[in-house]
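Notes for the one structure printed next.
The values are calculated or read from the model by the stated rules, or taken from the named source; none is laboratory data. Computed from a prediction, not measured in an experiment: that's the story for all the values here. Neighbour counts run over all protein chains shown; Cβ positions are idealised from the backbone, glycine included. All accessible areas refer to the heavy atoms of the entire protein, side chains included, with ligands and DNA or RNA removed. Shrake-Rupley method; radii C 1.70, N 1.55, O 1.52, S 1.80 Å.
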Amino acid sequence: MKLLVRVNLALGAVFALGALGAGWVCAGLLRADARTQALVQARLMMDGANAVRTYTASEIVPLLGPQMKETFLPQSVPSYAAVQNFLIVHDAHPGFAYREATLNPTNPRDRAADWEADVIQRLAGNPALPELDGERATPMGASLFLARPIKAEPACLACHDVAANAPPTLLARYGPNNGFGWHPGEVVGAQIVSVPLAVAEAGADQALRTFIGFLVAVFVLLMLVLNVVLWLMVARPVRRMASNADALSLGDMSTPEFPASGGDEIAALGGALNRLRTSLEKALRMLGS
């Protein structure tokens, strides 16, 4: 097997192992970064929902107060306003969602699904936990969720303490069976933001493919340069020396001298072969005389 072929095979094997290792490390880093970006999006959505809640409580509720004596208006409920706001976002971005899931809600649409109930129970079991995040599979692909606890505040108990104390207009709209019996400070639900991971992971995969492609291109360029350098500085001179040495071994003394210019190892080898040739010529002359 020729020297250049062996060098190429050895370097190719080292590059393949290095590329696999670099790809594995980069894939992990890029996926982690994609998840971080998804969490940033989720927190922005959560902050937006809380802004809607605050605006509703401070600006809308006072305006609707007189009408609430005649009929219950869900638009006066901060959580309802936040959910309605994000339903509009959901229409434009189906993978994004905001829920105020509750174990015992007044409005049936807010009742927690099984996985949401598990999240609420985890938050309730860890009162010091400000938020919880995780991933789950959905029909649209992997989704990241961010959840924060909803606790029964004094303002909530005005409607959710016991049915007998609830506003008549609320009972007329939703009935006396659901959304009551909350206790002060109890974790009754969770604000849950869902963000699709598919887009972020697709960007990470594209970045990984670009990186691997660039790595391969650099390796191919280096291999081309290395092969040219090895051919000009090693393979070709050594091949000429081997041809000359073979001719000398057969007694052809007309063979040109070995190249010995320069200060590298090939030049040193050429000088040594020239001295060997001179010694051989002297020995042959001595034998002839």
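Here's the picture: a label point sits 7 Å out from the Cα of T36 along the beta-carbon direction, and within segment 197-213 the residues with their amide nitrogen under 17 Å of it are 200-205, 207-208. Using only alpha-carbon positions in segment 104-170, the gyration tensor eigenvalues give semi-axes of 28, 16, 8 Å once each is multiplied by 5 and square-rooted (largest first). Using the Cβ-Cβ distance between A128 and Q206 with R0 = 41 Å, the FRET efficiency computed as 1/(1 + (r/R0)^6) comes to roughly 0.55.
So what is the accessible area of the chain per residue, in Å², with the probe set to 1.4 Å?
On a per-residue basis, 60 Å².
Site pair R111 and L44 shows an inter-label distance of 3.5 nm when each label is modelled 7 Å from Cα along Cα→Cβ. With the charge dipole of segment 1-112 set up from +1 on Lys and Arg Cβ and -1 on Asp and Glu Cβ about the Cα centre, the Cα lying farthest toward the positive end among the listed residues A34, A22, V61 is that of A22. The residue among T102, P130, V228 whose Cα reaches farthest toward the positive pole of the charge dipole of the chain, with charges on the beta-carbon of Lys, Arg, Asp and Glu, is V228.
In segment 147-289, Cα pairs under 8 Å separated by at least six residues give a relative contact order of 17 percent.
In segment 152-289, a dipole from Cβ-located charges (positive for Lys and Arg, negative for Asp and Glu) runs towards its positive end, and of A164, G185, A204 it is A204 whose Cα lies farthest in that direction.
Spin-label model, T169/A27: points 7 Å from Cα along the beta carbon direction are separated by 5.9 nm. With both labels modelled 7 Å from their Cα along Cα-to-Cβ, the L230 to A137 distance reads 4.8 nm. Here the alpha carbons of the chain define both size measures, Rg and Dmax, at 39.3, 137 Å.
Only the Cβ atoms of Lys and Arg (+1) and of Asp and Glu (-1) were treated as charged; on that basis the dipole of segment 1-156 about its Cα centre amounts to roughly 680 debye. Relative to the current alpha-carbon distance between E59 and A217, full extension at 0.36 nm per residue lengthens the span by 50.9 nm. Mind jotting down the distance between the C-alpha centroids of segment 33-55 and segment 75-139, whole Å? Spelled out, the Cα-based centre of one part sits 13 Å from the other. Where in the chain are the DSSP H helices whose alpha-carbon span along the long axis reaches 30 Å or more and whose Kyte-Doolittle mean is at least -0.5? TM-like helix candidates: 3-55, 198-230, 265-288.
Run the accessible area of segment 50-165 with a 1.4 Å probe and give the carbon-and-sulfur part as a rounded percent. It is 59 percent, rounded to a whole number.
In plain terms, the chain from N8 to S249 could stretch by 83.6 nm, reckoned as 0.36 nm per residue minus the Cα-Cα distance.
Exposed loop sites, defined as trypsin sites (Lys or Arg not before Pro) outside DSSP H, G, I, E and B with at most 16 other Cβ atoms within 10 Å, are absent from the longest region of the chain, namely 70-289.
Per-residue ellipticity at 222 nm, computed for the chain from helices alone with -39500 (n - 2.57) per DSSP H run of at least four residues, works out to -20500 deg cm²/dmol. Coupling constants for segment 176-182 follow from the phi torsions by the Karplus curve (6.51 cos²θ - 1.76 cosθ + 1.60, θ = phi - 60°), and in residue order they are x, 9, 10, x, 10, x, 6 Hz; glycine and proline get x. The fraction of accessible area contributed by carbon and sulfur in segment 199-289 is 69 percent, rounded to a whole number (1.4 Å probe; ligands and nucleic acids excluded). Straight distance only, please: which lysines reach the Cα of K69 with their own Cα at less than 28 Å, same-chain residues fewer than 8 apart left out? Cα-Cα hits under 28 Å: K151. Residues whose amide H falls under 5 Å from that of T138, counting only those 5 or more places apart or on a different chain, are S143, with hydrogens built in the peptide plane. Of the residues T210, T255, T56, the one that moves most in a GNM of the chain with alpha-carbon contacts below 10 Å is T255.
The phi torsions of segment 133-149, fed into the Karplus equation with coefficients 6.51, -1.76 and 1.60 and a -60° offset, translate into couplings of 10, x, 10, 8, 8, 10, x, 9, x, 5, 9, 9, 10, 10, 10, 10, x Hz, rounded to whole numbers, with Gly and Pro shown as x.
Per-residue extension of 0.36 nm, minus the Cα-Cα distance of H90 and N104, leaves a gain of 2.6 nm for this segment.
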